[in-house]
1. Figure the gain on full extension for GLU4 and ASP359 (residue separation times 0.36 nm, minus the Cα-Cα span) and round it to one decimal in nm.
2. Work through the residues other than ASN462 whose Cβ is under 13 Å from its Cβ and net out their charges, Lys, Arg +1 and Asp, Glu -1.
3. Could you calculate the contour length gain from ALA39 to LYS592, that is, 0.36 nm times the residue separation minus the distance between their Cα atoms, to one decimal place in nm?
4. Using Cα-Cα distances under 8 Å and only pairs 6 or more residues apart, what relative contact order does the stretch 38-106 have, in percent?
5. Using the basic label-point model (7 angstrom from Cα toward the beta carbon), what is the GLN55 to SER233 distance in nanometres?
6. Rounded, prolate or oblate: which fits the stretch 565-680, taking a ≥ b ≥ c as square roots of the Cα gyration tensor eigenvalues, rounded meaning a/c under 1.5, else prolate when a/b beats b/c?
7. Given an 8 Å cut-off on Cα distances and at least 6 residues of separation, report the relative contact order of the stretch 565-680 as a percent.
8. Hey, rough spin-label estimate for ASP394 and ILE262, points 7 angstrom out along Cα→Cβ, what's it come to in nanometres?
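Every number here is computed from the coordinates shown, using simple stated rules; none is lab data. Please read these numbers as outputs of a predicted model, since none were measured by experiment. We place every Cβ from the backbone using ideal geometry, glycine too, and count neighbours over all the protein chains shown.
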Amino acid sequence: MTAESQVLSKIESLLRQHPKGLTTSAITRHLNGNRNSTAKYLEVLVSSGVAERKQVGASKVYTLSKRISLKSLMNYISEYIIVLDSRSKIIAVNESLLRFFNLPRESLEGIFLDEVPVELLRLFQGQESICNPLREVITELSSPIAGKVCFFRVRCLPTQFEDRETGYTIMIDNISDQKMYEQELVRSEAKYRAMIETQTDLICRRKPDGTITFVNNEFLRFFKKTAGEVEGSQFCPLDLQVKAERDSADVPFRILPFYKDIYEQAVLLDGGDIRWLQWKNTSLTDHSGTITEIQSVGRDVTVHRQREREILLKRCSLDSSASAMVIFDIVGRIVYANRSFLAMFRCHDDLDIIGRPFDQFVPQSGPGTNVNQLAQTMMQTGKVDCLVRGKRVDNTEIDLEFHGTQIRNDLNFPLHSIVLVIDRTGTSPPDCFSGINAPQKPAKIPRGILLVDPSGRVVSANREFLTLGGYADEGRVLGRAVNDILGVRPASPEMLYTPAGNPGNQNMDFGGGKILHPDGSCIPVRIMVRHIRDTGGMHLCSEIVAEPAGQHSPVNVHLLTYLIPVPIFVIDRKKRVILWNQALEAFTGVRKEEVIGTSNYRQVFYPFFGVEPQLIDLVDQPLDKIHQIYPGVKKYGETIILERYIPDSSKAEGRYFYDKATLLCDPAGTTIGYMGGMIDITDWKRSQEFMNRMKDGIEASLNPRILQLQDMIGKVPLPGDEPRTP
């Protein structure tokens with residue numbers, strides 16, 4: 001050891017004996033040397049990091065440095081560390097490496113890299129980027145260790161030592177477990193993807209804006225699409241429950257149901273089929289709780305829906321009705337026919353006709369009588385009444401009286417059409433149908449016409465108007481105010497001759513109105529007005545057209561009440577019974593001869609309801625007043641409805657009814673009477689209860705499977721997944 005090294009060691013020993021530190025003068029005294037040489041040695045220790053210097057007042061105090069040696073620091077690191085000099089000779093290794101390879105320290109330290117007894121470490125010698133790194137280098141290697149393949153991430157750093165010699169440090173991270181998890185994840189993803197692709201359920205993922213990110217094969221098969229057509233697009237099937245007036249391109253509105261947990265929709269497929277889908281939806285969120293995707297698992301529940309409808313129909317009185325009835329969907333396919341219809345068309349059972357086009361039973365036999373035109377009329381007006389020629393399954397023809405009504409949902413979208421047919425073969429049609437399908441020209445409807453100047457004075461009247469109004473000649477109306485001749489309700493009379501009352505439209509149909517007869521009576525008419533202008537836009541006069549009311553309603557009330565198999569009665573304004581149909585006779589046990597012309601209907605219904613006044617007595621009263629007597633009443637326009645329960649002493653259970661009452665008005669809007677009716681809803685309510693129990697049972701059996709699938713899908717991220725929050 002040189003003299004300089006001995007002095008440095010002695011100073012280091014002094015500082016170790018005095019942990020609080022020594023000044024330069026104190027160290028000089030202990031060494032018996034001079035102050036300048038002591039200061040030089042202290043500077044060497046400070047530069048090498050062995051000692052530290054602090055300024056205390058005017059003096060400099062020296063202490064030993066508090067530092068951890070490189071070897072001690074290496075043992076705190078879980079990575080495997082090897083320190084080598086520029087000749088690839090191992091200078092130091094940490095305990096983690098020795099434990100992993102189960103080697104003593106002397107078998108590695110002081111040994112060149114290509115001579116170590118570890119194959120993995122010898123691999124480094126042949127790689128230039130590792131053994132002579134100019135900058136940090138990161139690579140991955142694999143090597144068999146103890147009979148299994150292990151994976152490592154190798155990080156190599158250039159290193160400079162205290163003696164200014166260069167070398168490099170190799171840090172090895174064992175990533176075998178991570179690689180194993182990644183491979184297992186790939187296998188699991190492939191496994192679950194194969195399971196998803198073979199599922200009979202429809203699986204779809206959407207972004208919040210409606211863009212589809214993933215669909216399975218069943219989804220593509222169901223909608224007859226390709227992955228290229230759907231993924232990346234905002235495809236959404238036509239939902240029949242969406243309001244028709246909404247723009248079909250309004251994607252946020254159309255996908256809104258997919259934010260719900262469970263949602264059912266009726267979709268119209270490209271081929272015209274209507275299918276019901278039930279979706280189980282899950283919102284996927286990021287770490288902030290923002291929805292990133294909506295995952296939907298759907299199943300086709302059309303069969304269950306059809307079964308519900310069949311059970312509901314078969315358990316109600318429609319199936320046992322003596323009237324032949326049939327229901328067909330919006331594309332004209334029969335979905336239900338009762339037993340009377342099957343017998344009329346000589347079908348063995350409903351399997352012979354369910355699903356078949358209805359026009360096979362009403363062939364296109366001529367203008368105005370084929371089912372396509374009837375369906376068009378029903379679409380426009382909601383009902384149709386006519387005579388048609390039908391064909392049985394054995395090809396024999398029959399004459400039919402046809403009464404059709406279209407059923408719409410709450411959004412006014414047509415769902416089904418229900419038709420009542422009566423066999424008129426060999427019989428004369430009712431008076432209300434006389435000439436309805438006759439080829440001759442229909443009778444001309446008289447059109448009374450008045451010309452009125454801008455002040456509202458009559459300037460001309462044709463003969464038809466004079467005849468309708470009972471005026472002897474034109475002089476009885478010329479110059480008179482139109483308000484003294486015509487009455488309209490509820491519009492303002494000035495709208496008959498003032499265009500300002502109808503801005504932007506010069507034609508108006510007032511509907512119901514009346515002509516005031518000279519003797520003080522009123523003739524109900526339909527009133528239409530056309531305001532006439534010159535080329536400069538100045539109002540010249542108004543043309544008022546009056547037609548007899550009721551010319552466009554060929555079906556009479558008595559026929560309709562005869563066809564309706566529900567109890568119905570009608571009273572006039574003086575509360576006297578003027579109609580008491582056969583169904584009501586059967587319901588009450590009271591014949592019509594006993595009540596017609598009297599007000600005894602209250603005594604007839606008292607044993608059933610035990611309350612007076614009856615609902616029909618309150619139909620023209622304010623709703624709040626009705627609620628004081630019948631809190632459960634609901635009002636729809638001029639009709640009020642109350643659900644009632646009537647106990648049955650002969651049975652354990654009673655019956656449920658809808659008690660309905662409505663105003664009867666003439667075309668001019670004047671009340672002429674009241675109509676009441678009783679609709680038995682007992683079977684319907686019990687069917688609803690039965691269907692609810694059946695639906696709960698189906699969901700109870702299927703929902704666990706859907707949840708299990710949902711859970712499995714959620715554990716395996718699909719392409720494009722964001723990290724899920726716990």
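1. 115.9 nm
2. Taking every other residue near ASN462 into account, the sum is -3.
3. 185.6 nm
4. Here the relative contact order equals 18 percent.
5. Between GLN55 and SER233, the simple spin-label model gives 7.8 nm.
6. It is oblate, given that a/c is not under 1.5 and a/b is not larger than b/c.
7. Rounded, it is 26 percent for the stretch 565-680.
8. It works out to 5.0 nm between the two label points.
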